[in-house]
Each structure stands twice: as C-alpha cells, then as structure tokens.
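Bear in mind that the values in this text are calculations on the coordinates, not laboratory data. Source: prediction; values computed, not measured. So basically every Cβ, Gly included, is an ideal-geometry build from the backbone, and we count neighbours across all protein chains shown.
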C-alpha cells in the first residue's frame, strides 16, 4: 500500500464511519478499485476505525466524563438496603446510560468472536454487500418516515438499550453500517434524529476501540491468519487521516440531523448498491478478492 493509497483510504474511512452508509462497504469497494481488485481486509478496517473513534472521544469528551462520573457515583444506590437493584431503573439518566452502553456493547463483542471467520471471509462477498446496502437503506427510510421522533436520551431504558445493542451488532456485516443500524433502531423506537445519532456514536466507542486494538495486536504479533500484514507507516497515516476527517464529519452530521431527514443517505445507499452491482456484472469487480 502506497502513501497516497493510505491517505485516500483514511479519507474514505473518516467520511463514511459516522454516516449511515457503511464505512466497511466503502473501504471494501474503494480498496478493490485502487488495489487491483484486492480486499484491504477486516483488520485494516478495524485499525483505521481507531482513528475515527478517537475523534468521538475528543468531540464527546465532556459527555463521556459526565457519564463515567455519574456511573461511579450511583454505584452505592445499586446495593442499597443490602440487595442489588436494577441498574436500568436508576433515576440518573447519565448513570443509566453508562450501564446501557456496557450491556449494549456485549452483542457485537460476542457475535464478533463467534462469527469472526465469516465476518472476515464469506460476508465480504460484494453481492452480499449490494443486498445489505439496499435492504438497510429501505429500513432507514421507513424508520425515518414513520418514526415518532419524540424521545430524547434521558428516556433511554433497558429495553431500548438492548435493542440498540442488537442493532449495532448487525454492523459486523459489511454494508449494514454501524451508525445506520443503530440510528434506524433509534428512529424505529421513537427517538429524535439527533438523539439516535448521538447515542450511535457513544455506543460504538467500547466495541470499535476493542476491535481495533485487538486486530492491531494480532497484526503486530505476526499472526499468519491476520487479514492484513500491517504496513506501519501507511496504516498510521490512514488512521490519522481518518481521525481528522472523522472529527469534521461529526460536527457537520449532528448539525445536519437536527434540521433535516436521512433521505439523502437512503438514496445514496441505493445508488451505490446499483453501481456495485453494475461493476460486478461488468466484471470490473469480482465478488471475492484476495487481501491486499
């Protein structure tokens, strides 16, 4: 991978990670077009996502500190009266959110381990990506059109938190989109567009960072089954690029969703799905590819 290719792929990661259009699908496609049909691999995707999640930590630093402080401060309440109480019923919404982020991160962690081979192999078939891009575009459009959009994050409860977690787990499949899955779930449950987007960012932090550092450790450890032989400088450059661009996208996206719908992203996903299908039919791309 050249320096120029690393910059382009980092730019793609930063631009697409927080939008409901699937960063993994875009890296899969752009990588194949740039690298003579090769797949950049699930490891490269996970490592560059560290950069975009550091952008989340920077942007939401005050919110994150508040959640952590309130989570620790309310721990004694859970043992009041000599018995444990339901953490999902805490009166403090910030402490409750802390527990929900922890629980909501479990599905993607468990399924990611159980189905690692399929995630890094069969599910990266581009025909499957065409399907997921189109199908989840329709789901996002329906949720955005018919969702009540009346709940904010102070009303987040245990049931909704678990549903959010299951929706995030779908992002293990290229083409679904982590933010797209969680935002669609939020809209379907009646949350406002901005609340759904904000929670999708916060919920992703543990899972994305854990996945990124796990894949990075595998690569640096020289495991033969690693999807990418890390090219240190190029991968670092891609990750830094993803961080800078990702921060700018967070700022823009949260302003966008406060006043506008997700319809442009729905249309975009459908167009991209059609373009990929056309490239596959024309044999410009192949459904399966070797790793770069």
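Annotations
- Prolate/oblate/rounded call for the stretch 49-116, Cα gyration tensor, a/c under 1.5 rounded: oblate
- Residues of the stretch 133-152 with amide N under 18 Å of the 7 Å Cα→Cβ point at residue 88: 152
- Tensor-based shape of the stretch 115-183 (alpha-carbon gyration tensor, a/c under 1.5 rounded, otherwise prolate or oblate): oblate
- Once the C-beta distance of residue 109 and residue 263 is scaled by a Förster radius of 25 Å, the resulting FRET efficiency is 0.15 to the nearest 0.05.
- Prolate/oblate/rounded call for the stretch 85-199, Cα gyration tensor, a/c under 1.5 rounded: oblate
- With Cα atoms, 0 to 90° folded angle of helix 126-146 axis to the chain main axis: 40
- Per-residue ellipticity at 222 nm, computed for the chain from helices alone with -39500 (n - 2.57) per DSSP H run of at least four residues, works out to -22500 deg cm²/dmol.
- Available extension along the chain between residue 80 and residue 252 is 57.6 nm, counting 0.36 nm per residue and deducting the alpha carbon span.
- GNM remark for the chain: springs join alpha carbons under 10 Å apart, and the peak mean-square fluctuation among 161, 14, 278 falls on 278.
- Per residue, the Cα convex hull of the stretch 3-281 amounts to 126 Å³.
- Linear extension gain, residue 162 paired with residue 122, 0.36 nm per residue minus alpha-carbon span: 11.7 nm
- Between 0 and 90 degrees, the angle of helix 23-34 with respect to the longest Cα principal axis of the chain falls at about 10 degrees.
- A full extension of the chain between residue 270 and residue 69 corresponds to an added length of 68.1 nm, given 0.36 nm per residue minus the alpha carbon distance.
- Folded to 0 to 90 degrees: helix 193-220 orientation relative to the chain principal axis, Cα: 60
- Convex hull volume per residue in cubic angstrom - Cα atoms of the stretch 1-80: 115
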